[in-house]
Amino acid sequence: MGLFVIGINHTTAPVKLREQVAFSAETLPPALASLQKLEDLSAAMILSTCNRTEIYALHTDSKTRSTEKGSASQAARDAVVMWLAEHHDTEVAELTSSLYWHEDGEAIHHLVRVSAGLDSMVLGEAQIFGQVKDAFEAAETARTLDRELSQIQQSVYRVVKKVRSETDVGQSSLSMASIAVDLAGRLFADLSLCRVMLIGAGETIELVGQHLMATGINSPIIANRTLANARRLSDELDGTAISLPEIPQYLSQCDIVVSSTGSELPILGKGSVESALRERRRKPIFMVDLAVPRDIEPEVDILRDVYLYSIDDLEQIAAENLHQRKGAAEEAEQIIDAAVSDIQNALRERGASETITKFRQHHNDIKNGELEKALARLQKGDEPESVLTTLANQLMNKMIHAPSVSMKQASSEGQQELLDIIHRLYDLDR
């Protein structure tokens, strides 16, 4: 098959390293174009979220002999690791200890688990499925998918829908958004009295806004780089839209700040937060940074009266969620195990179908060539019996020539397995 995945996630790498190798929506298309230029790859997709960066790819030597596949996959792996390090100006040694690697069936199994939310910090989260879809769409737009990776994509989607419909793994599951709101409720006695600033206007911030609205909070401030997107979300949440440069003007008014953008640089620095605290006369601010790379400078955490949580700080609550949903996860794993086996069989059958098509075409070409010669001889008036005899002999000679040469070579090289295959293919022992 030649499929492999290489990546890091919240279980193998701290947020600092994850943010170093993250891809934003803007940087993803040129990254895919650059990745596709590696001579060891024939197709690729990049999944980059707050919890993981993973590269799914097919190496160019996926159809080589089994004895050569190990070296081919190793070469592809080394090329991707080197590319990832160079692309993000990171040392290879720093990446290596945090990277994981899966190949063929294990790679498909991993992709299905990720897509179904079974590999997430919050077990069963639904948001990751949309992020996987976005990743495939980006690869399709960049023309870095091939037919095999597209077939895997559709198969994975079907399995995830089956897991969602036949198990409770996604029912009433927590999300990073709901965990953030739950933490805010532990700090403030009455959330409805709090003023909120949401930085960003994507799906995560929208979910946070919906959870906050359910607690009675109203008129949130929505800050975003693109003001039109901030206005769209503020209309949904009945809030106020501002641009990112306006944040310092409003920060002192806010009790709760939740941020999740695709910015590669921090949005909020220590100086801005210190100024806001002075205006608030040390009234506390609860801050949650759900972005990777981080939107809020880590140094903010040392300030008194600031309660800053990064995405890694939410892991304990997520672990509690994992314990509660363990039974549903086991059911989902059984579905996935069976489905991955079916996907692999389908891919193998497709590979056999392509070979059968070429096999038939090869012999059809021989048949047509010899038939044309025979018809020409008949038109000249040659004896039909002679023409038919020659046709039969030529067909046999041309069809068995290449296999005969291969069998002689196999015998001289001691490759008995090829001779055994010929016996099986043509039922010679019957």
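What follows draws every value from the coordinates through simple rules; no lab data is involved. What you see is a predicted model; the values in this text were computed from it and never measured. Reconstructed Cβ throughout: ideal geometry from the backbone, glycine too, with neighbour counts over all protein chains shown.
Give me a comma-separated list of calculated 3J(HN,Hα) values for the range 414-430, in order, Karplus coefficients 6.51, -1.76, 1.60 applied at θ = phi - 60°, integers in Hz, x for any Gly or Pro.
x, 8, 5, 4, 5, 5, 5, 5, 4, 4, 6, 4, 9, 6, 6, 8, 5
Just to confirm the number: angle between the C-alpha axis of helix 227-237 and the first principal axis of the chain, 0 to 90 degrees, nearest 10?
With both axes taken from Cα atoms, the answer is about 70 degrees.
Among 374, 138, 339, determine the one that fluctuates most according to a GNM of the chain built with springs between C-alpha atoms less than 10 Å apart.
374
Dividing the convex hull volume of the Cα atoms of the chain by its residue count, what figure in Å³ per residue is obtained?
Working: hull volume 86.7 nm³, N = 430.
Looking at the chain, the number lands at 202 Å³ per residue.
For each of 163, 300, count neighbouring Cβ atoms within 10 Å of the residue's Cβ, then give the residues from fewest to most. Walk me through the numbers before you get to the answer.
On the way: 163 28, 300 22.
Arranged by neighbour count, lowest to highest, 163, 300 become 300, 163.
Under the rule of -39500 (n - 2.57) per DSSP H run of 4 or more residues, summed and divided by the residues of the chain, what mean residue ellipticity at 222 nm is obtained, to the nearest 500 deg cm²/dmol? Could you put the intermediate results ahead of the total?
Details: 16 runs with 244 residues, N = 430.
Only helices count here, giving -18500 deg cm²/dmol.
Of the chain, which part is the longest with no GluC sites (Glu not before Pro) in a loop (DSSP not H, G, I, E, B) and with at most 11 other C-beta atoms within 10 angstrom?
92-412
So what's the angle, to the nearest 10 degrees on a 0 to 90 scale, between helix 66-87 and the longest Cα principal axis of the chain?
30
Can you give the three extents of the C-alpha atoms in the range 355-426 along their principal axes, from longest to shortest, in whole Å?
49, 25, 17
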